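The values are calculated or read from the model by the stated rules, or taken from the named source; none is laboratory data. Because the structure is a prediction, the values reported are computed rather than measured. Cβ placement follows ideal geometry from the backbone for every residue including glycine, while neighbour counts extend to all protein chains displayed.
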There are 2 protein chains.
Amino acid sequence: MTAEPAAPFLAACRCEPVGRTPVWFMRQAGRSLPEYRALKGTRSILDVLTHPDLAAEITLQPVRRHRVDAAILFSDIIVPVWATGFGVDIVAGRGPVVERPLRTPADLERLRPLDPEADTGYVLETVRILATELPADVPLIGFAGAPFTVASYLVEGGPSRDFAKVKALMHADPGTWEALVDRLADMAIASLGAQVDAGADAVQLFDSWVGALSPKDYERFALPATRRVLDAVGALGVPTILFGVGTGELLGLMASCGPNVVGVDWRVPLDLARRRVGPGRAVQGNLDPGACLGPVEVALEEARDVLRRAGGAPGYVFNLGHGVLPETDPGVLSALVELVHAEGPAGLRS
Amino acid sequence: MTAEPAAPFLAACRCEPVGRTPVWFMRQAGRSLPEYRALKGTRSILDVLTHPDLAAEITLQPVRRHRVDAAILFSDIIVPVWATGFGVDIVAGRGPVVERPLRTPADLERLRPLDPEADTGYVLETVRILATELPADVPLIGFAGAPFTVASYLVEGGPSRDFAKVKALMHADPGTWEALVDRLADMAIASLGAQVDAGADAVQLFDSWVGALSPKDYERFALPATRRVLDAVGALGVPTILFGVGTGELLGLMASCGPNVVGVDWRVPLDLARRRVGPGRAVQGNLDPGACLGPVEVALEEARDVLRRAGGAPGYVFNLGHGVLPETDPGVLSALVELVHAEGPAGLRS
């Protein structure tokens, strides 16, 4: 036992009292920062994230600039499938694009298990650098894509609006779908376990697009593989966060997958979201990234509303409801961090 | 007064008892039908819908094939702005694309008021043809885009995932945003009024993308203009439907805009949606279009669940939660119509 207090971010994830509300931003490292654009130059994302020195530096940039309470590894949810030889590329302005989408049982053979050290050693090296370079009170968040969301890229062949091919596969060939998300769950478990071994202090499972499913389909087609990942990673002793967009009706089911924290987008008021998540779990979010695109006063006013709805109760991590938009003025993010720290849960200071 | 019973669709919109649950499908006319593809050939959508004989025939095709309880005018929500000379095109596989997006107060001058007969006489001629050719118990639904959703295309320049430019404009220059949705409300009122005069029996206001807003932003930036359209059109004596996707948290606010019917996507179970909409209004939806892409048994099973949740109470129109996906087997839609008619509200037969 140590007398050192836990970092506010880790304490909040575990619903413990905190001296200040912790804050970080999804996609805080990346296009919104001029120092990122300067460092990246004309390199591709995949090129940058395979260079641990660059990836670590990019991870650190927003910690220095914004004084956020957690760092998130600079990587991509598509890295494990890419690194194991499934043909996928990240196309600027579009996202992950798959050469030959996965549509048949035979295509499953093209997905091989992940050996984290052999396949993605650069990711783990980045984690190791960050474990030594980050300030002691700024934990590192590792991450993976949740099985549904990674599967959606592999099956659709790229970003999708209606997920027609995913849903056609689910309903027409549920056995292949289940085998697919099972393999992706194994890859996420391997990747997250290795990140934790290398020094990650918490992990976030990104199920960004799962809000496309009805609650019934979520329960059948996404929940079991998601729970398996969270069970395995939770057993490693680090807090887990499960995040998705458009998941208002899924929050209770997502909580039942066992994460410490459920991410909430901006569509559901935070107090309502917390009721749906239920007791014993923290929530994270829920400022609209679009509210950061106007004058700073608008963003601050919206953030105050989020903080009011958080109500000063333990178990809240301030964040946007989705990633920072590339057009965002970094000054707005820094001002948000100041506000959240200043207007923290005064009644709960430890 | 006449002894003739109202068409089931119109009765359901008004929460009156019906002999069978009425059913129609958003985007029932169009790409999923081989007879549509044969008739359209290589013509563009805008070419087809400016020819009343073709547009009327396409509107009738799904009525003949599926025996649905309502026809929806074959047109597009972008027609009024296109017809008044705002540079916009419908790009196959992408949607409406705007040459010079609307971003500044000066750009507002490029939006001129709609004169329905002079600018869109072909739409009204299509309505007139359909008013004589449709069976007496199959009403014609006219439609318009709601101000928010039309504005989103004009400001973004095309379909968007994050509506960053819309939100930036709303927050940075609310006056210009409000002037924009006000002009679009006037255009919708003019267009819908003329469609009703020409013979439309009901109207649907498509606010497809408004689910991108938080309840607070909906209330400020979308609700007032939407309510103005529904007030004006409701006064004409035809039922009104307000539809959007991803609107789980907005259903109560949408109901407060005054439509007879609130559309519900597939993310919210129908019984829960009805509670959020509140008493005195009908609901329409909420089968996942993606559930129609697998075996017919899956679609029928999902439809039975929707009907169970509808509970046989008055005020329900069966539909998908969004438009028919192009890949849909038309046989699945016909089977759904049969099921819905066969498993109608037996206890309520008049």
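Taking the stretch A:32-53 as the search range and keeping residues that are among the β-branched types (Val, Ile, Thr) and in a helix (DSSP H, G or I), which one is nearest to A:Thr120 (Cα to Cα)?
Looking at residues that are among the β-branched types (Val, Ile, Thr) and in a helix (DSSP H, G or I), I get A:Val48.
Looking at A:Gly263, A:Gly199, A:Gly237, can you tell me which residue is within 28 Å of A:Glu133 (Cβ to Cβ), surrounded by fewer than 24 Cβ atoms within 10 Å (Cβ to Cβ) and out of contact with any Lys or Arg (no Cβ under 8 Å at 6 or more places or on another chain)?
A:Gly237
Does A:Val317 meet the test of being in contact with a helix residue (DSSP H, G or I) (Cβ under 7 Å, 6 or more places away or on another chain) and either surrounded by fewer than 19 Cβ atoms within 10 Å (Cβ to Cβ) or in a helix (DSSP H, G or I) (or both)?
Numbers: in contact with a helix residue (DSSP H, G or I) (Cβ under 7 Å, 6 or more places away or on another chain): yes; either surrounded by fewer than 19 Cβ atoms within 10 Å (Cβ to Cβ) or in a helix (DSSP H, G or I) (or both): no.
So A:Val317 fails the test.
For (1) over 20 Å from the mean Cα position of the chain (by Cα); (2) of a type in the set (Asp, Glu); (3) surrounded by fewer than 18 Cβ atoms within 10 Å (Cβ to Cβ); (4) at pLDDT below 95, each residue gets a yes or a no:
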site: A:Thr132; (1), (2), (3), (4): yes, no, yes, no
site: A:Gly142; (1), (2), (3), (4): no, no, no, no
site: A:Ser208; (1), (2), (3), (4): no, no, no, no
site: A:Gly211; (1), (2), (3), (4): no, no, no, no
site: A:Ser214; (1), (2), (3), (4): yes, no, no, no
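Here are the criteria: (1) free of Cβ contacts under 8 Å to residues at least 60 places away in the same chain; (2) closer than 17 Å to A:Glu249 by Cα; (3) within 12 Å of another protein chain (Cβ to nearest Cβ). Tell me which single one B:Val298 does not satisfy.
(2)
Every residue, every condition in (1) of a type in the set (Gly, Ala, Ser); (2) buried (at least 22 other Cβ atoms within 10 Å of the Cβ); (3) modelled with pLDDT of 95 or more, yes or no:
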residue: B:Thr2; (1), (2), (3): no, no, no
residue: B:Ala6; (1), (2), (3): yes, no, no
residue: B:Ala12; (1), (2), (3): yes, yes, yes
residue: B:Cys15; (1), (2), (3): no, no, yes
residue: B:Gly19; (1), (2), (3): yes, no, no
residue: B:Arg31; (1), (2), (3): no, no, no
residue: B:Glu35; (1), (2), (3): no, no, yes
residue: B:Leu49; (1), (2), (3): no, yes, yes
residue: B:Thr59; (1), (2), (3): no, yes, yes
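So which residues in the stretch A:96-119 are loosely packed, with under 14 Cβ neighbours inside 10 Å and either β-branched (Val, Ile, Thr) or assigned to a strand (DSSP E or B) (or both), if there are any at all?
A:Thr104 - this is the single residue of the stretch A:96-119 that is loosely packed, with under 14 Cβ neighbours inside 10 Å and either β-branched (Val, Ile, Thr) or assigned to a strand (DSSP E or B) (or both).
Select, from B:Val88, B:Val166, the only residue that is among the β-branched types (Val, Ile, Thr), under 25 Å from B:Met254 (Cα atoms) and crowded, with 19+ Cβ neighbours inside 10 Å.
Being among the β-branched types (Val, Ile, Thr), under 25 Å from B:Met254 (Cα atoms) and crowded, with 19+ Cβ neighbours inside 10 Å holds for just one of B:Val88, B:Val166, which is B:Val166.
When you scan the stretch B:24-60, how many residues do you find that are among the charged types (D, E, K, R) and at positive phi?
Qualifying residue count, the stretch B:24-60: 1.
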